[in-house]
1. Which loop-located GluC sites (Glu not before Pro) does segment A:1-99 contain, where loop means any DSSP state but H, G, I, E or B and the Cβ has at most 12 other Cβ atoms within 10 Å?
2. Less than 12 Å Cβ to Cβ from A:P76, Lys/Arg counted +1 and Asp/Glu -1: what total charge do the surrounding residues give?
3. Quick one: Cα convex hull volume of segment B:57-113, Å³ per residue?
4. Counting Lys +1, Arg +1, Asp -1, Glu -1, what net charge surrounds A:I64 among other residues with beta carbon under 15 Å of its beta carbon?
5. Within chain B, which is the longest segment containing none of the GluC sites (Glu not before Pro) that sit in a DSSP loop and have at most 14 other Cβ atoms within 10 Å?
6. Can you tell me how chain B classifies by the Cα gyration tensor, rounded, prolate or oblate, using a/c under 1.5 as the rounded cut?
7. How long are the semi-axes of the equivalent ellipsoid of segment A:19-110, taking √(5λ) for every eigenvalue λ of the Cα gyration tensor, in whole Å from largest down?
8. Can you compute 3J(HN,Hα) from phi for each residue in segment B:25-33, using the Karplus curve 6.51 cos²θ - 1.76 cosθ + 1.60 with θ = phi - 60°, rounded to whole Hz and x for Gly and Pro?
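Read-outs throughout are calculated quantities, based only on the coordinates presented, and are distinct from any laboratory measurement. Small disclaimer: the values here were computed from a predicted structure and weren't measured. In this analysis, Cβ positions are derived from the backbone assuming ideal geometry, glycine residues included, and neighbour counts consider all displayed protein chains.
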Amino acid sequence: DAKTTQPTSMDCAEGRAANLPCNHSTISGNEYVYWYRQIHSQGPQYIIHGLKNNETNEMASLIITEDRKSSTLILPHATLRDTAVYYCIGYTGTASKLTFGTGTRLQVTL
Amino acid sequence: ETGVTQSPTHLIKTRGQQVTLRCSSQSGHNTVSWYQQALGQGPQFIFQYYREEENGRGNFPPRFSGLQFPNYSSELNVNALELDDSALYLCASSLGGRWDGYTFGSGTRLTVV
């Protein structure tokens with residue numbers, strides 16, 4: 001499993017873009033970069049995943065560097081409801097487990 | 001479609017007792033995983049069940065055991081409870097081969113006193 005490194009916490013003003021970085025220098029060629037988030041008192045929620053190319057869905061965008069050693073999750077217009085812990089995970093898509101780190105606690109403020 | 005449902009939501013047990021936690025997987029999902037989340041930590045993988053068979057196990061002792069039923073619901077059993085077993089226990093379901101990840105329940109908060 002790839003070891004991922006994320007900042008412990010970040011702040012973002014409501015309405016601004018939140019850019020959450022993740023380092024995954026040991027990611028293997030068959031591991032996708034997955035992002036989950038966990039809002040207080042809930043289970044983790046899938047956000048997005050990607051292998052090499054940048055990806056976008058209704059929740060977020062994922063930018064992966066060409067060497068795949070790091071990525072950035074972008075929430076284009078953060079709201080108070082985006083306050084959560086965000087986890088970056090390397091995952092093959094077929095392995096039985098997700099390996100969570102301690103994630104980034106994003107606080108969105110007025 | 002219904003999501004993942006876990007019961008009970010909260011539970012208090014005494015050290016040395018046994019506990020059973022239950023999980024109903026999302027409709028159509030055939031794989032269930034269990035995770036333990038201590039306060040301030042990320043979830044840690046306990047084990048996974050696929051079509052009623054254990055399909056991977058994390059670094060947890062044998063007193064953590066599980067079952068998956070023909071309807072794909074699942075139970076997590078923990079024997080000889082220890083104080084360090086106090087945590088949020090999360091169940092996640094998926095349909096094997098899908099790439100959009102796992103669907104997690106809201107968890108069972110277990111407190112061992």
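1. A:E58, A:E66
2. On the way: positive: A:R16; negative: A:E58, A:D82.
Taking every other residue near A:P76 into account, the sum is -1.
3. Cα convex hull per residue, to the nearest whole number: 109 Å³.
4. Around A:I64, the charge tally is -1.
5. Details: sites that count: B:E1, B:E52, B:E82.
Free of exposed loop sites, the longest segment is B:2-51.
6. Working: a/c = 1.78, a/b = 1.66, b/c = 1.07.
Prolate shape, in that a/c is at least 1.5 and a/b is the bigger ratio.
7. 22, 15, 11
8. Once θ is set to phi - 60°, the couplings for segment B:25-33 become 6, 5, 3, x, 8, 10, 10, 10, 10 Hz.
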